[in-house]
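What follows is a set of notes on a single structure, which appears directly below.
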Amino acid sequence: MNLFAQNESDTSTITKEADVPFATIENVPVFPGCEGSDNMILKKCMSDNIARVVSENFDMKLVKSLDLKPRKYRIAVQFKIDKTGNVVDIRSRADHEMLEAEAIRVVSLLPQMRPGKQRGQEVGVLYALPIIFEVEPSAKAERRLKRKKSGD
């Protein structure tokens, strides 16, 4: 995040350059194939398509290979859709660095979009994406847990 010290005369320059959060953008970026003029419909279409790309391409074999403990996991991903509609500045945070790398890889597969607009100007749009998945106990662990409970 960039912070600027400014006086009132600098406001118009900073506003033109500032990135706008997806939740507050006047005209959302448009994912290829999404149509319509209603911002809420375009937002939903974009979110649905991003979720689809991530779920279709996220490597769950990697998750299994990490031998993670059974529970829900969350990967926080942030990226920007720049003034040209490209996905840039992808960052992720997770419990394991390989999960972070996988999240960045998957988000980088997103296609170029029509850029978002604020006050009629194309701007960068900040997007936050949680990737949530659950690791289930293995069958062997389930049997061991059942034996332990029945022995109590």
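Which of (1) exposed (fewer than 13 other Cβ atoms within 10 Å of the Cβ); (2) at pLDDT 95 or above does residue 107 not meet, given it meets every other one?
(1)
Determine, yes or no, whether residue 114 is touching a helix residue (DSSP H, G or I) at 6+ places or on another chain (Cβ under 7 Å) and open to solvent by 100 Å² or more (accessible area, probe 1.4 Å).
Considered against the rule, which asks whether it is touching a helix residue (DSSP H, G or I) at 6+ places or on another chain (Cβ under 7 Å) and open to solvent by 100 Å² or more (accessible area, probe 1.4 Å), residue 114 comes out as no.
Say whether the condition of being without any contact (Cβ under 8 Å) to a residue 40 or more places away in the chain, open to solvent by 60 Å² or more (accessible area, probe 1.4 Å) and not acidic (Asp, Glu) is met by at least one residue in segment 65-80.
Taking every residue of segment 65-80 in turn, at least one turns out to be without any contact (Cβ under 8 Å) to a residue 40 or more places away in the chain, open to solvent by 60 Å² or more (accessible area, probe 1.4 Å) and not acidic (Asp, Glu).
Which one is surrounded by the fewest Cβ atoms within 10 Å (Cβ to Cβ), of the residues in segment 81-95 that are among the aliphatic types (A, V, I, L, M) and modelled with pLDDT of 95 or more?
88
Scan the strands (runs of 3 or more DSSP E) fully inside segment 27-122 and keep the ones with 1 or more residues being among the aliphatic types (A, V, I, L, M) and over 30 Å from residue 137 (Cα atoms).
Those strands (runs of 3 or more DSSP E) span 71-81, 87-93.
Looking only at segment 120-135, count every residue that is open to solvent by 70 Å² or more (accessible area, probe 1.4 Å) and either touching a Pro at 6+ places or on another chain (Cβ under 6 Å) or more than 23 Å from residue 54 (Cα to Cα) (or both) and tell me the total.
3
The values are calculated or read from the model by the stated rules, or taken from the named source; none is laboratory data. For clarity, every value in this text was computed on a predicted model and none was experimentally measured. Neighbour counts run over all protein chains shown; Cβ positions are idealised from the backbone, glycine included. For the accessible areas, the whole protein counts, side chains as well, though only heavy atoms, and no ligand, DNA or RNA atoms are used. Shrake-Rupley method; radii C 1.70, N 1.55, O 1.52, S 1.80 Å.
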